[in-house]
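A.B. asks: Before I ask anything, let me first share the structure, which is written out below as structure tokens.
The values are calculated or read from the model by the stated rules, or taken from the named source; none is laboratory data. If you're wondering where the values come from, they're calculated on a predicted model, not measured in any experiment. Here the Cβ positions follow ideal geometry from the backbone for every residue, glycine too, while neighbour counts run over all protein chains shown. These accessible areas exclude ligands, DNA and RNA; they are computed on the full protein's heavy atoms, side chains included. Shrake-Rupley method; radii C 1.70, N 1.55, O 1.52, S 1.80 Å.
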Amino acid sequence: MPAYDFFDWNLHPWMEAGVSALAALLVAAIVYRIGRLVLRRVAAPYVTASVVLRRAERPFEFILPLLGLQVVWNNAASDLHLIELVRHLNSLLLIVAITWLGIQGIRGAFDAVIARHPLDVADNLEARRIQTQSRVISRVLMSLVALIGLSSILMSFPYVRQVGMSLLASAGVAGLVAGMAARPVLGNLIAGLQIALSQPIRIDDVVIVENEWGRIEEITGTYVVVQLWDERRLVVPLQWFVEHPFQNWTRSDARIIGTVFLWVDYRMPLQPLRDELARICKGAPEWDGRVALLQVTETSERALQLRVLVSSADAPRNWDLRCLVREALVDYVQKHYPQHLPTLRAGVITGAPEREHDRRPPDAAGSG
């Protein structure tokens, strides 16, 4: 029997490709570790670069070996058994890794924006504007990157590409139906871009939606989550905010004026109530010092309606201030002017009731 050399490349056609692949993996690992150390040191003084680098480290750990393997498989002999399948699988994994890198890079940039513009500050209007824009734009960009990656994977299969091109070329009705079916998705995507640019709403805005009071908690690529005052969550499509009117209490400023209504008797003096309102507001930390006004806004046959206007830095403080003013003014009237609370007056006629013929006209009584 002839002695076969174990390292005879003719007898072991995959041996050379396998050794080259191991060498490529080793080189990729060394390059990755050295490059990570160098890039970390270079990006350390920059917050944005550091955050993006941390997000991108994991995808790069897969991209470099896949790139090295792709070079090896492309340079391998074309007559190797299953080499085409290996090349295709490696290219698919490389597309997935690059798509992952793109998504992680966008996510890292968004994390850097959040870190540079926190919401837990006194005047967070600019931070809410920037966070809203970056959140919506990042979701749209990540969706586009994922769509491009998926399209690249499908286009790598010749049969799928031919079928897709045939459908686009010949099935006009099917394309129209698909477009109509995708209209809500596309509408929300366009609405998201419009909201990011024009910003009718922002993160942490106080809004009235469907007669519900709440704060904008999250803005995604398709819907908005509103945290209601009682801890419920109202999920609203993005397109709804473009097509329907709604109230935004913090569009340009969080300051707000609230109302309190009271009913008192006509004999109630108003100046003591105005003095008491001023005293209450001066002692309330929720009052911002702008508006504290009491006016008569309505009269009825029994009482006066008083409207109290008070201002605060934001809606939650104003709600607490309104409750405080309402309770304090009612308590003040009860203690100092209890006789001037709204009363129902009724008249009583004394004496003997008139007889039936006494209520007749004189001519009728005389003729009787």
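A.B. asks: Among VAL291, VAL225, which is in a strand (DSSP E or B) and free of Cβ contacts under 8 Å to residues at least 24 places away in the same chain?
C.D. replies: VAL225
A.B. asks: Separate question: For residues that are in contact (Cβ under 8 Å) with a residue 12 or more places away in the chain and open to solvent by 40 Å² or more (accessible area, probe 1.4 Å), scanning just region 314-335, find the one that is farthest from VAL264 (Cα to Cα). Reasoning before the result, please.
C.D. replies: Filtering region 314-335 down to residues in contact (Cβ under 8 Å) with a residue 12 or more places away in the chain leaves 314-315, 317-322, 324-326, 328-330, 332-333.
Subset that is open to solvent by 40 Å² or more (accessible area, probe 1.4 Å): 317, 319-320, 322, 324, 326, 330.
Details: ARG317: 26, TRP319: 22, ASP320: 23, ARG322: 18, LEU324: 18, ARG326: 13, VAL330: 10 Å.
Ranking the candidates gives ARG317 first.
A.B. asks: Continuing with this model, one more query. Whether any residue in region 89-103 is within 21 Å of the chain's Cα centre (by Cα) and assigned to a helix (DSSP H, G or I) is what I want to check.
C.D. replies: Here is the first cut: in region 89-103, the residues within 21 Å of the chain's Cα centre (by Cα) are 103.
Checking the rest, the ones that are also assigned to a helix (DSSP H, G or I) come to 103.
Scanning region 89-103 turns up at least one residue that is within 21 Å of the chain's Cα centre (by Cα) and assigned to a helix (DSSP H, G or I).
A.B. asks: Moving on to the next point. Given (1) out of contact with any helix residue (DSSP H, G or I) (no Cβ under 7 Å at 6 or more places or on another chain); (2) farther than 30 Å from PRO118 by Cα; (3) open to solvent by 80 Å² or more (accessible area, probe 1.4 Å), where does LEU37 come up short, assuming only one miss?
C.D. replies: (2)
A.B. asks: Something else: So which residues in region 29-57 are hydroxyl-bearing (Ser, Thr, Tyr) and farther than 22 Å from LEU67 by Cβ, if there are any at all? I'd like the intermediate steps shown before the answer.
C.D. replies: Of the residues in region 29-57, the ones hydroxyl-bearing (Ser, Thr, Tyr) are 32, 46, 48, 50.
Across region 29-57, the qualifying residues are TYR46, THR48, SER50.
A.B. asks: Only residues that are part of a loop (DSSP other than H, G, I, E, B) and more than 10 Å from VAL333 (Cβ to Cβ): list them for region 251-273, please. Let's see the steps before the verdict.
C.D. replies: Going residue by residue through region 251-273, those that are part of a loop (DSSP other than H, G, I, E, B) are 251-255, 265-270.
Matches in region 251-273: ARG251, SER252, ASP253, ALA254, ARG255, TYR266, ARG267, PRO269, LEU270.
A.B. asks: For VAL31, indicate whether it is more than 23 Å from LEU94 (Cβ to Cβ) and either touching an Asp or Glu at 6+ places or on another chain (Cβ under 9 Å) or open to solvent by 50 Å² or more (accessible area, probe 1.4 Å) (or both).
C.D. replies: no
A.B. asks: Of the numbered conditions (1) among the acidic types (Asp, Glu); (2) closer than 30 Å to ALA115 by Cβ; (3) modelled with pLDDT under 80, GLU57 fails exactly one; give the number of that condition.
C.D. replies: Here GLU57 clears every test but (3).
A.B. asks: Mind counting the residues in region 234-250 that are open to solvent by less than 60 Å² (accessible area, probe 1.4 Å) and in a loop (DSSP other than H, G, I, E, B)? Walk me through how you get there before you give the answer.
C.D. replies: At the first step, the residues of region 234-250 found to be open to solvent by less than 60 Å² (accessible area, probe 1.4 Å) are 234, 236, 238-241, 246, 248, 250.
If we keep only those that are in a loop (DSSP other than H, G, I, E, B) as well, we get 246, 250.
The number of residues fulfilling the criteria is 2.
A.B. asks: Let me spell it out: the conditions are (1) open to solvent by 30 Å² or more (accessible area, probe 1.4 Å); (2) under 18 Å from GLY221 (Cα atoms); (3) β-branched (Val, Ile, Thr), and ILE153 meets all of them except one. Which number is the exception?
C.D. replies: Checking ILE153 against (1) open to solvent by 30 Å² or more (accessible area, probe 1.4 Å); (2) under 18 Å from GLY221 (Cα atoms); (3) β-branched (Val, Ile, Thr), the one that fails is (2).
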